[in-house]
Amino acid sequence: MEFNRAAATALMDITARPELVFTQGQGSWLEDHTGKRYLDLIQGWAVNALGHSPEVVVNAICEQSKRVLNPSPGFYNAPAMQLAQQLTEASCFDRVFFANSGAEANEGAIKLARKWGQLHRKGAFKIITFDHGFHGRTLATMSASGKAGWDTMFAPQVEGFPKAILNDIDSVKALIDEQTVAIMLEPVQGEAGVVPATKAFMQQLRELADAHQMLLIVDEVQTGMGRTGTLFAYQHFDIQPDIMTLGKGIGGGVPLAALLARESVACFAHGEQGGTYNGNPVMTAAGLAVINTINTPEFLHSINQRAAQLSEGLIALSDKWGMYGERGLGLLRALKLDRPDGAAIVQAARDRKPQGLLLNAPRPELLRFMPALNITAEEIELALSELDAVIAEVRGADSAP
Ligand SMILES: *Cc1c(COP(=O)(O)O)cnc(C)c1O
């Protein structure tokens, strides 16, 4: 198959895309229009929790789409009810609202916190968020994000999102006033380069929220659904948040996200929240297939085994090449390069023959790894040895160890 440049030009040019069309995928492998195969450690940006086109998700979508596609969000449907029940039984939350993207779920979390502030905190509406945080690309979630330059990109911002510094409790305390209703953060900052919050910090946030009658909101769009080795990342910290959002992995590749809240916080009145496609049975059926696969002790154990293997392999690469180590939780990890050649490594890995390797560099001096949660030990081995070869290729003989 030829690359159709005229058709490619019909798409808005919102990012630098390589001239590749991905036509098929299975598990940890993707295939492009020329038939070349790639070992995929991006997986749609941590979206395909079970890899490409997993049979359980494909079957769930096929079977549900033959029954009913969309009765309307104003009626109950069985997959949405079942998935909500599974999520509440597996977490500290009591109520679920389904959405179509992480940003939309976070918008819901912001609205819910503001509504709760109107009911219980005399209209307090400010939500403390964090430098380098990422919560989505709608106006409010961009305002909540702490990415450099985003404050002026589509000015004016939505107001009420003062920024603190991750793992610095004094920076949070300094921002609290009588209008502060919540603290919102990613348990592991993903787009910022896989920076975990510490357990002490998360526990201090919980105490601070309780002391000031504020809500604690965790954005688990990237960290939820087994990614960090527990079903939800907040479970690493021995705390219970008030609100959580999920996205990415929850749908196993299809647009599904969720807003979860404890009963005392789930205070939307009729008409205040909704959406045409929200909780539609095809997406929630896919979500059911994903959670039924992930939420077993055996599967979670295997995530942790693969994570340990990946971590050890990255440490060995770092030692060999004089890099600055690795970090992360579970199968969300990053390798800290000693120089800003992340983009060159990503491109050389993709261009490798006969098989490519798909990697992500969220920053010039950092590689991020977010493989399928069911990646095999052999595939991780292969990815590590290919990465070693790519680094040698990019850095040339001069810098060989
Ligand atoms: C990806 C991401 C989002 C946005 O999700 P979309 O589905 O792209 O809207 C929000 N928060 C975090 C932590 C993310 O990683």
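The values are calculated or read from the model by the stated rules, or taken from the named source; none is laboratory data. These figures come from a predicted structure and were not determined experimentally. Don't worry about glycine lacking a Cβ; one is built from the backbone with ideal geometry, like all the others, and counts go over all protein chains shown. Heavy atoms of the whole protein, side chains included, go into the accessibility calculation; ligands, DNA and RNA do not. Shrake-Rupley method; radii C 1.70, N 1.55, O 1.52, S 1.80 Å.
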Notebook entry, point to check: Once phi is turned into θ = phi - 60°, what whole-Hz ³J(HN,Hα) does the Karplus curve with 6.51, -1.76 and 1.60 give for every residue of the range 232-238, x standing for Gly and Pro?
Noted result: 10, 5, 4, 5, 6, 9, 6
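Could you calculate, for the range 245-401, the ratio of the Cα radius of gyration to the Kirkwood radius, expressed as Rg to Rh?
Details: Rg = 19.8 Å, Rh = 18.1 Å.
That ratio is 1.09, to two decimals.
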Item checked: Qualifying aspartates and glutamates (Cα of each under 14 Å from Cα of residue 199; at least 8 residues distant if same chain) -> 168, 186, 207, 238
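Test of the criteria: in the range 1-45, which trypsin sites (Lys or Arg not before Pro) are in a DSSP loop and have at most 13 other Cβ atoms within 10 angstrom of their Cβ? If you can, show how the numbers build up before the last one.
Working: sites: 5, 36, 37; in loops: 36.
Answer in residue order: no site qualifies.
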Note to self: Quick check: at a probe of 1.4 Å, how many percent of the accessible area of the chain sits on carbon and sulfur atoms?
What the structure shows: 53
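Under the Kirkwood approximation for Rh and a Cα-based Rg, what ratio Rg/Rh is obtained for the chain? Write down the numbers at each step before the final one.
On the way: Rg = 21.3 Å, Rh = 22.0 Å.
Using Cα coordinates only, the ratio equals 0.97.
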Next item on the list: State the antiparallel share, in %, of DSSP beta bridges confined to the chain, rounding to the nearest 5.
Entry: 65
Margin query: Just want to confirm a number: the relative contact order over the chain, from Cα pairs under 8 angstrom separated by 6+ residues, in percent.
Written below: 22
Checklist line | Rg and Dmax [Cα atoms of the range 1-119; Å; Rg one decimal, Dmax integer] | finding: 19.4, 59
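Calculate for the chain the 222 nm mean residue ellipticity that helices alone would give, adding -39,500 (n - 2.57) per DSSP H run of length 4 or more and normalising by residue count, nearest 500 deg cm²/dmol.
On the way: 13 runs with 149 residues, N = 401.
Calculated mean residue ellipticity at 222 nm is -11500 deg cm²/dmol.
Largest first and in whole Å, give the semi-axes of the range 217-264's equivalent ellipsoid, each being the square root of 5 times a Cα gyration tensor eigenvalue. All intermediate terms of the calculation are to be shown ahead of the outcome.
Working: eigenvalues 64, 39, 8 Å².
Square roots of five times the eigenvalues give 18, 14, 6 Å.
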Next item on the list: For the range 333-401, restrict the atom set to alpha-carbon positions and state the Rg and Dmax in Å.
Entry: 11.9, 38
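What accessible area per residue, rounded to a whole number of Å², is obtained for the chain using a probe radius of 1.4 Å? Present the calculation step by step, with values, prior to reporting the outcome.
Numbers: 17790 Å² over 401 residues.
Per residue, the chain has 44 Å² of solvent-accessible surface.
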Check: On average, how much area does the Cα convex hull of the range 142-257 cover when viewed from any direction, in nm²?
Finding: 7.8
Next item on the list: Project the alpha carbons of the range 85-179 onto their principal axes and report the range along each, largest first, in whole Å.
Entry: 40, 29, 27
Next item on the list: Work out the P(r) tail for the range 104-152: percent of alpha carbon pairs separated by more than 18 Å, whole number.
Entry: 33
Notebook entry, point to check: Under 17 Å Cα-Cα from residue 111, which lysines qualify once same-chain neighbours fewer than 8 residues away are excluded?
Noted result: 122, 126
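Sorting 223, 15 by accessible area (1.4 Å probe), largest first, what list results?
Details: 223 0, 15 70 Å².
Correct descending sequence by accessible area is 15, 223.
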Item checked: J(HN,Hα) series, the range 103-116, from Karplus relation 6.51 cos²θ - 1.76 cosθ + 1.60, nearest Hz, glycine and proline x -> 4, 5, 5, 5, 4, x, 5, 5, 4, 5, 5, 5, 4, 4
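To the nearest 20 Debye, how big is the dipole of the range 139-286 about its Cα centre, given +1 on the beta carbon of each Lys and Arg and -1 on that of each Asp and Glu?
On the way: 8 positive and 16 negative charges, 97 e Å.
Rounded to the nearest 20 debye, it is 460 debye.
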Next item on the list: Could you order peptides 276-286, 103-113 by the average number of other Cβ atoms within 10 Å of their residues, highest first?
Entry: 103-113, 276-286
